[in-house]
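Since the structure comes first, as structure tokens, the remarks are kept for the end.
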Amino acid sequence: MDGRRRRFGHFRPIRGPQVEGPRYVERQPDPEKPPIQESQHTANPQKESPLYDGRIPPEIRNSIFQFALTEEDTTPYEVNNGYSRPGYTTKKKVNTALLQTCRRVYLETYHLPPITKEHVFWHPPETGPHGRFYSDRNGWEREKEMFTCRMMSWQLDLVKEIQIFSQEFWLEQHFPKFCEESFMQGIEKVKVTIRRCDWWWNERNHPLAINPYKGNADTNQMTWDIMASKEGKTLEWNMEGWGAAFAKLPKLKEVEIELETSEDKVDELVAIVDWAKGWKFPLKDGMVLSTEGVDAKDVQTWQGPMCFLSQICPYCSGFSQCRATDPPNEKCTERMRLKALSKGPLCSVYSLRWRAAQAATTSREDEQE
């Protein structure tokens, strides 16, 4: 498992390998200009505008501005792929025309676009809507472009949250180095989503496994660690693994992890989620990330795309096609029906949140000592 993964789920390529599409060319950031908001020019009070003549309270005006600068849907994604899902069905953009109306409006709204925009990234990049445009499948070229070329430093300072859709191999092998990047040093919340097709060897219907302590997805090791946790034993952290990488983010306050699987593996995922509730990710200065006192979100279910079906049937172990049995296996029959309709399995999404807290006040082992 420590090698390069041979197959990356069932994510359909954006363009076939025989078609040479545009490739990413690394850009160098332009020299920064003095921020407009720091200019000494006096803004026109705009007393003739209904926004500023006293008829609309400032808090209502701020709500209007925030709504106007909220991301809006644009081009819909194709349906049968691994990245089109609830909340992510279209491309999105923030329309910044409002900032160009006048200086007073700009001074009240310049900070909103970096805050209201959801900064979401897919790893490796071919598992997201940007496809094969970014050639370095292990790197983070899009983040560098977004945070160092498209943003000024004062805009980057306003970015506090980041969403990552990550396959397990990238989380294990590249996330620790990713957390060392300069653009991550001001992040206060990280959300990581492991989708149905992100688990190791999901296409072969392998058992689900994830282990932040060891930083790998060894099924046997995870089983032993779950048993040890139930016995009250303290597990040691691999400080080079992805679970300890959160300590590299000095401003981090919260982590959210979404784990998704199909209905045939819900029991496996529930066992992992129950174990995850006791994870305490180490931070610096005696702090940890803990789920204690943090409410978990309700389980979400949705009908996944056909590409979420594994190559090996989980009910009869048939490869590609279900095996004929007498009497017919009802679950195989339903699987084939969904496949004929270009639909995938029913997926369940479990979400847990961890917040920064003092280790001494959140660890039962410490209290007993």
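The values are calculated or read from the model by the stated rules, or taken from the named source; none is laboratory data. Quantities reported herein were computed from a predicted structural model and do not represent experimental measurements. As a convention, Cβ positions derive from the backbone with ideal geometry for all residues, glycine included, and neighbour counts pool all protein chains shown.
Among the residues of the stretch 36-57, write down those that are assigned to a loop (DSSP other than H, G, I, E, B) and acidic (Asp, Glu).
Glu48, Asp53 - these are the residues of the stretch 36-57 that are assigned to a loop (DSSP other than H, G, I, E, B) and acidic (Asp, Glu).
Name every residue in the stretch 246-266 that is closer than 18 Å to Lys297 by Cα and acidic (Asp, Glu), in order of residue number.
Result: Glu254, Glu256, Glu258, Glu260.
Could you list, in sequence order, the residues of the stretch 76-130 that are more than 13 Å from the chain's Cα centre (by Cα), within 20 Å of Glu143 (Cα to Cα) and in a strand (DSSP E or B)?
Thr90, Lys91, Lys92, Lys93
One line per residue, one yes/no per condition, for (1) acidic (Asp, Glu); (2) touching a Phe, Trp or Tyr at 6+ places or on another chain (Cβ under 7 Å):
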{"site": "Ala43", "(1), (2)": "no, no"}
{"site": "Ile56", "(1), (2)": "no, no"}
{"site": "Glu78", "(1), (2)": "yes, no"}
{"site": "Asn81", "(1), (2)": "no, yes"}
{"site": "Pro86", "(1), (2)": "no, yes"}
{"site": "Asn95", "(1), (2)": "no, no"}
{"site": "Leu107", "(1), (2)": "no, no"}
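Taking Glu240 and the conditions (1) at pLDDT 95 or above; (2) surrounded by 15 or more Cβ atoms within 10 Å (Cβ to Cβ), which numbered condition does it fall short on, given that it satisfies the others?
The failed condition is (2).
Would you list the strands (runs of 3 or more DSSP E) that sit entirely within the stretch 262-369 and hold 1 or more residues that are touching a strand residue (DSSP E or B) at 6+ places or on another chain (Cβ under 6 Å) and of a type in the set (A, V, I, L, M)?
Here the list reads 287-290, 343-358.
For the stretch 141-166, name all the residues that are touching a strand residue (DSSP E or B) at 6+ places or on another chain (Cβ under 7 Å) and at pLDDT below 95.
Correct list: Arg142, Glu143.
Quick check on my filter: what residues within the stretch 215-239 are free of Cβ contacts under 8 Å to residues at least 60 places away in the same chain and under 21 Å from the mean Cα position of the chain (by Cα)? Spell out how you get there, then give the answer.
Taking the stretch 215-239 and keeping what is free of Cβ contacts under 8 Å to residues at least 60 places away in the same chain, we get 215, 219-231, 233, 235-239.
Once the filter is applied, which keeps residues that are free of Cβ contacts under 8 Å to residues at least 60 places away in the same chain and under 21 Å from the mean Cα position of the chain (by Cα), the stretch 215-239 yields only Gly215.
Taking Ile60 and the conditions (1) farther than 30 Å from Ser342 by Cα; (2) surrounded by 12 or more Cβ atoms within 10 Å (Cβ to Cβ), which numbered condition does it fall short on, given that it satisfies the others?
Answer for Ile60: the failing condition is (2).
If Arg142 meets every condition in (1) surrounded by fewer than 16 Cβ atoms within 10 Å (Cβ to Cβ); (2) in contact with a His (Cβ under 8 Å, 6 or more places away or on another chain); (3) of a type in the set (D, E, K, R) apart from one, which number is that one?
(1)
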